[in-house]
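> Take a look at this one; I'll ask things after.
Values in this text are rule-based calculations from the coordinates and carry no lab data. Model, not experiment: these values are computed from the prediction. FYI the Cβ positions are ideal-geometry reconstructions off the backbone, even for glycines, and counts take in every protein chain you see.
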Amino acid sequence: MTESVDETKPVDASQEVTPAELAVLDAVALRDTNAPSAKVTRIAKKEVGYRESRTNHTKYGRWYGADGQEWCDVFVSWVFHQAGQLAAIGGKHKYVPDHLTWFKNQHRFYRRGAAGGGPREGCVIFFDLNGHDGEDHIGIVTSYDDTYVYTVEGNRSDQVQRLKYPRTSHLIWGYGHPAWN
C-alpha cells in the first residue's frame, strides 16, 4: 500500500489566498458559531502557518502515533478530534484512499460536480494533485463561493496552508460530507 503523493511540492501561486480575500472570507461568519462545521473550520484556520520540524515530523503525527509519515490526512483527523467530531469522519485516518472508502461506504462522498454534493463548510475535500490516478491528498473546506473553494490543508509545502481552487478544478476529486454528531 503506498502513501499519498508528496504534498510538499510547491503550491501554485494561483492557489494562494490573497490578504484581501482572507479579509472578506474571515468577515463572513457562519450563522451558528457553535455548529460542528464552524468549530472544525475555526480550529483548522488557527493551525495555518504551522510547519513540520523535520521531514514529516509534526504534533499531528505525534498525536496520531505516526510521526515522520505523510500527514495531510492525519491533520484532518486531528482537527476533527479537537472539535469533538472525529466520529463524523469515520475516526482516525492517515491514508487518503482508506478515508475516501469510509465516506463512500457511508454514502457521504460526492464527486466534483455531482448533484447535491458540492462543497460545504467543514467538508473534507479530496484531491488528485498529481492529476492521473485518483485521490492522493485531503483537506478541509473552510468556505466557498460561486467560483472558488477555500481550504485549509496540512502538508502543503511542509506546512498548514489556506488555499483556493476553482470549483471546476481537475485537481478536486470530490467531497466527503461529515456525519455531524
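> Testing the spin-label approximation: label points 7 Å from Cα along Cα→Cβ at Asp98 and Ala35. State their distance in nm.
Label at Asp98, label at Ala35, 3.1 nm between them.
> Under the rule of -39500 (n - 2.57) per DSSP H run of 4 or more residues, summed and divided by the residues of the chain, what mean residue ellipticity at 222 nm is obtained, to the nearest 500 deg cm²/dmol? It would help to have the intermediate numbers written out before the result.
Details: 5 runs with 47 residues, N = 181.
Helix-only estimate at 222 nm: -7500 deg cm²/dmol.
> Pick out which of Arg51, Arg120, Arg62 has the largest mean-square fluctuation in a Gaussian network model of the chain, springs linking Cα atoms closer than 10 Å.
Its mean-square fluctuation being the largest, the pick is Arg62.
> Further question: Considering the chain as a Gaussian network with a 10 Å cut-off on Cα pairs, which listed residue, Lys104, Lys94, Lys39, attains the greatest mean-square fluctuation?
Top of the fluctuation ranking is Lys104.
> Sticking with this one: Could you tell me the calculated FRET efficiency between Tyr50 and Thr147, based on Cβ-Cβ distance and R0 = 22 angstrom, to the nearest 0.05?
On the way: r = 28 Å, r/R0 = 1.26.
Plugging the Cβ-Cβ distance into 1/(1 + (r/R0)^6) gives 0.20.
> Another question, then. Which option, (i) 14.8, 42; (ii) 15.7, 44; (iii) 20.5, 66, is the value of Rg and Dmax of the Cα atoms in Å that was calculated from these coordinates?
The calculated read-out lines up with (i).
> Report the residue, chosen from Val17, Val141, Val124, that carries the largest GNM mean-square fluctuation when the chain is represented by alpha-carbon nodes joined by springs under 10 Å.
Val17
> Considering the dipole of segment 91-181 built from charges on the beta carbon (Lys and Arg +1, Asp and Glu -1) around the Cα centre, which of Ala114, His132, Pro178 is farthest to its positive end?
Pro178
> Work out, step by step, the length gained on full extension between Asn130 and Ala179: first 0.36 nm times the residue separation, then minus their alpha carbon distance; give nm to one decimal.
Going from the current span to full extension adds 14.8 nm.
> Run the reach check for Lys59 against lysines, Cα to Cα strictly under 19 Å, same-chain hits fewer than 8 apart removed. What comes back?
Reachable lysines: Lys45, Lys46, Lys92, Lys94.
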